[in-house]
Amino acid sequence: MSTDALRLRPPHHRVDRRAVLWWTTRSLATTIALTAVPLVPALIWEPVRFWFLVATGVIGGVGLLITVVMPQWRYRVHRWEVTDTAVYTSSGWVWQEWRVAPMSRIQTVDTARGPLQRAFGLSSVTVTTASAAGPIEISGLDHVLATEVADQLTDSTEAVPGDAT
Amino acid sequence: MTPHEDRRPEGPHADEPAIAGRHTETSPAEEHRIASSAPEAAHTDGPTPEPPAGGSEHTDPGPEDDPAGDWLGLSPLSVWANTTVVALCLVPTAIVATVVLFIADLTLWAGLSLPASLAFIGLTTYLDLLRLRAVRYRVTVERMEMRSGIIAKAYRSIPRERVRSVDVAAPIYIRVFGLCTVTVGTGEKVGTGGDQLKLEFVTADQGERLRRELLRRTPTTSASGPTDSAEETDAGPAEDEGTELARLNPRWFAYAPATTATFGIGLGVIAALVGLNAQSGGYGWRWISEQAGLPSGQQMADFVLSRVLLVVPLALFGLLLSGVVILVAAAVETWWDYRLTREPDGTVRLRRGLLTSVSLSVEGRRLNGVVLHEPFVLRSVGGAAVQAVATGLEGDDDKKTSAKSRLSPAMPRARARALGAALMARESSALDVPLEGHPRAALRRRFTRAGVVTLTGLTAAGGLAWLHGVATGSWWEVVGTIEENIIPVPLFSGSVEAAPGWGWFLPAAILGVVAFWYAVGSYRGLGHGLHPDYLVLRKGMAARDTVTLERSAVIGWRITRSPFQRRLGLADVSATTAAGTGMYTAVDVGLGQGLAWADAAVPALLAPFLEGSEDHAEAEEQSTPPAP
């Protein structure tokens, strides 16, 4: 059974190293925000302080663990590749996802950068097809590189006729 | 902002700016026209669409003199249809209110209610008149356009080649006026109004004409040709054109009650009543029983418990019977006069409905596959239903999409398979393709889940049994009081108190058995296969769906793996598509097996990204070096 050995090879390119910082910052911010929820009543409400402090500890601990583990893990998984015929990405950490879309079925190509991504000089490329399954997103690319990739994708897709459905 | 937004890789793109320009140019003129010609708007579009009448209205220059199509309005009758419905609801209510208030000696209010409702009817009629005047639509050689909005003007335009489905619906209250609603599905977002254009209401003739014209791909005849349309509407009753794929067999209604909801409907009604009673703190039932002189709840409970062998089967039978009646009635309403035809141009047309008659047309090219839908109860009595996998039938979520995609009522499975084959119109039916099963590891995953469910059930049972053991008489009193406030006839707390503590493990054991049985059924349901033109997927236990999807309609792949799947060598392999729910998944397929299948289904798409087989070297060659 040769097919049993069939696997997906990882896409060629890793995302930018700075994405690790971006993910860390993002996770840290989320952790702080979530920790504050039980912490505030713990500070102002004497009788139940203990239990709220426990909740704070648990949420904070799990959050910090994720903040330490997740970015490195993501950096190992997140990869992307653009060939003449298709876009190929992998993403996720605990749950992982691989996406392939042929060039001929791409409808729109966007780049987007949130304030946090901008702070690290990063950018995301979003590739939309006609499917309701959601767009393919390559996040954490260097800003200049993202623009180049988007330009290249736009050029390639314009060369292919059809209404992409 | 991004410089790459919305670049479409398609040819007609070039004329988009021109259209947009035309739109902004004509908008003010158009508003002016609507304002000035308002008085005559009511008679512009009678049931007989005459070109001079339509033409004379659009005297100002601009796109209106495009010979391809005149701006048409909705039927003036639609205002009367709406007014009648509102009046039919409001006036009787108002009369009743008048009488009641009069009896209650609130003469002032009694005198007010009728005029107030009349004023309200007048207001809605006036607003509806404004709406009627504002809405204009036309079908040109290339596109369908629609203007609407009383205060905020809206203009929407869709290329005709993007029209995927046309839905003509006529609920009974507008059908008596000879009207219908036309919904045009485009499979893409049009402005802010979602992916549909909706005309409420046009005459039945116009609806029929739009249905015929919009899906016709040869742009030789335009929609506005009046003589043409007259001919067509005359020819309308000749429904035998095209091939008939299916026609209602009244015996199929016997399958209608074969759902898990049959008991549920009766139970739902009872639960709603109980909920209502609980809301009133038990007062509602006490009032009724005092008025009717019923014996007390306790007496009734004793009566029921003393004849439990008689009462329980009777109650179940009653529930079943009411469920059957309601479901058959619903099926008759939905599927009466059901016909499914393929018209000469390939369009598949569905007609059905007793009170609301529906006519749905789907362009043949956009029908990318079918779903053989077999919910558990229907499956066990040998029935199935057919749904479409088509673009332009999207709902807000998957459930609405599949509701809109129904192409048949529940029917015998063999008939459903034959209908599916006829819809796909290939030499061999994709539904007959032998399906490959999924690895045993998929079964193990399902057993794990069933084990978790069983453990949870047992834990809960243990907890309850412990409570049962330590519960004292005062506990049971409290529980009994609560129950009495919720359910008028307290049956449960007494019997539970009398039952032994280990009794709690009985439902837990049943739950465990069902969970494992479900796991096996769910595993057996899994399957995937390939037809020369279609890929075939099957899954589901509660509702088993066999999906066929045209291989040419696959627009990408998505492979996901959870940690458990990675450990077991499994993956979810999904084909993404523009049709239907947008993604169809082979669940818990072996990774190599699933990838090989996906690779075979759409050659050359996945191949460059695979490794580990003899294709490897070849695949490496194909993959081009990275661009940046």
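The values are calculated or read from the model by the stated rules, or taken from the named source; none is laboratory data. Here the structure is a predicted model, which means the values were calculated and not measured. All Cβ positions, glycine included, derive from the backbone under ideal geometry; neighbour counts span all protein chains shown. Keep in mind that these areas ignore ligands, DNA and RNA; they rest on the heavy atoms of the full protein, side chains included. Shrake-Rupley method; radii C 1.70, N 1.55, O 1.52, S 1.80 Å.
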Subject >> Residues (buried (at least 23 other Cβ atoms within 10 Å of the Cβ) and either more than 8 Å from chain A (Cβ to nearest Cβ) or under 30 Å from the mean Cα position of the chain (by Cα) (or both)) located in the range B:598-613 >> reply: B:A598
Original post:
In the list B:V135, B:V168, which residue meets the criterion of being modelled with pLDDT of 85 or more, closer than 23 Å to B:L354 by Cα and either under 22 Å from the mean Cα position of the chain (by Cα) or among the hydrophobic types (A, V, I, L, M, F, W, C) (or both)?
Top reply: B:V168
Original post:
With respect to B:S552, is the statement that it is among the small types (G, A, S), more than 30 Å from B:G382 (Cβ to Cβ), within 14 Å of chain A (Cβ to nearest Cβ) and surrounded by fewer than 15 Cβ atoms within 10 Å (Cβ to Cβ) true?
Top reply: yes
**OP:** Only one of these is at pLDDT 80 or above, open to solvent by 60 Å² or more (accessible area, probe 1.4 Å), outside any strand (DSSP E or B) and not assigned by TED's automatic domain parsing to the domain that holds B:E200: B:L101, B:L112, B:L90, B:L108. Name it.
**Re:** B:L112
Original post:
What residue, of A:E148, A:E81, is surrounded by fewer than 21 Cβ atoms within 10 Å (Cβ to Cβ) and within 7 Å of another protein chain (Cβ to nearest Cβ)?
Top reply: A:E148
Subject >> Counted residues, the range B:358-411 - those being in contact with a helix residue (DSSP H, G or I) (Cβ under 6 Å, 6 or more places away or on another chain) and surrounded by fewer than 21 Cβ atoms within 10 Å (Cβ to Cβ) >> reply: 2
Subject >> Residues of the range A:124-145 that turn out to be over 16 Å from A:M103 (Cα atoms), crowded, with 19+ Cβ neighbours inside 10 Å and at the interface with chain B (Cβ under 9 Å from one of its Cβ atoms), as a count >> reply: 1
Subject >> Output for the range A:109-120, where each listed residue is open to solvent by less than 20 Å² (accessible area, probe 1.4 Å) and either over 17 Å from the mean Cα position of the chain (by Cα) or more than 7 Å from every other protein chain (Cβ to nearest Cβ) (or both) >> reply: A:Q117
Original post:
Given the structure, is B:V141 in a loop (DSSP other than H, G, I, E, B) and not charged (D, E, K, R)?
Top reply: yes
Original post:
Could you count how many residues in the range B:541-555 are of a type in the set (S, T, N, Q) and over 21 Å from B:G525 (Cα atoms)?
Top reply: 1
**OP:** Working only within the range A:84-100, note down all residues that are among the β-branched types (V, I, T) and open to solvent by less than 30 Å² (accessible area, probe 1.4 Å).
**Re:** A:V87, A:T89, A:V100
Original post:
How many residues does the range A:46-78 contain that are charged (D, E, K, R), open to solvent by less than 90 Å² (accessible area, probe 1.4 Å) and not in a helix (DSSP H, G or I)?
Top reply: 0
Original post:
Looking only at strands (runs of 3 or more DSSP E) that fall completely inside the range B:351-409, which ones have 1 or more residues that are under 21 Å from B:A330 (Cβ atoms) and modelled with pLDDT of 90 or more?
Top reply: B:367-375, B:383-390
**OP:** Mind telling me which of the residues B:P257, B:P313 ends up being modelled with pLDDT of 75 or more and either assigned to a loop (DSSP other than H, G, I, E, B) or closer than 19 Å to B:N485 by Cβ (or both)?
**Re:** B:P257
Original post:
Do we have any residue at all in the range B:523-530 that's under 24 Å from B:P603 (Cβ atoms), assigned to a strand (DSSP E or B) and either touching a Pro at 6+ places or on another chain (Cβ under 6 Å) or more than 14 Å from chain A (Cβ to nearest Cβ) (or both)?
Top reply: yes
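Quick one: which of B:L267, B:L350, B:L305, B:L320 is touching a residue at least 12 places away in the same chain (Cβ under 8 Å), open to solvent by less than 30 Å² (accessible area, probe 1.4 Å) and not assigned by TED's automatic domain parsing to the domain that holds B:L179?
After ruling out the rest, the residue left standing is B:L350.
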**OP:** Would you be able to say whether some residue in the range B:555-566 is farther than 26 Å from B:L367 by Cα, touching a residue at least 60 places away in the same chain (Cβ under 8 Å), more than 9 Å from chain A (Cβ to nearest Cβ) and open to solvent by 30 Å² or more (accessible area, probe 1.4 Å)?
**Re:** yes
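From the list B:D572, B:D545, pick out the single residue that is surrounded by fewer than 22 Cβ atoms within 10 Å (Cβ to Cβ), away from every other protein chain (no Cβ under 14 Å) and in a strand (DSSP E or B).
B:D545
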**OP:** Name the residue, out of A:W95, A:W51, that is free of Cβ contacts under 8 Å to residues at least 12 places away in the same chain and within 14 Å of chain B (Cβ to nearest Cβ).
**Re:** A:W95
**OP:** For residues that are touching a Leu at 6+ places or on another chain (Cβ under 8 Å) and among the hydrophobic types (A, V, I, L, M, F, W, C), tally how many sit in the range B:434-450.
**Re:** 2
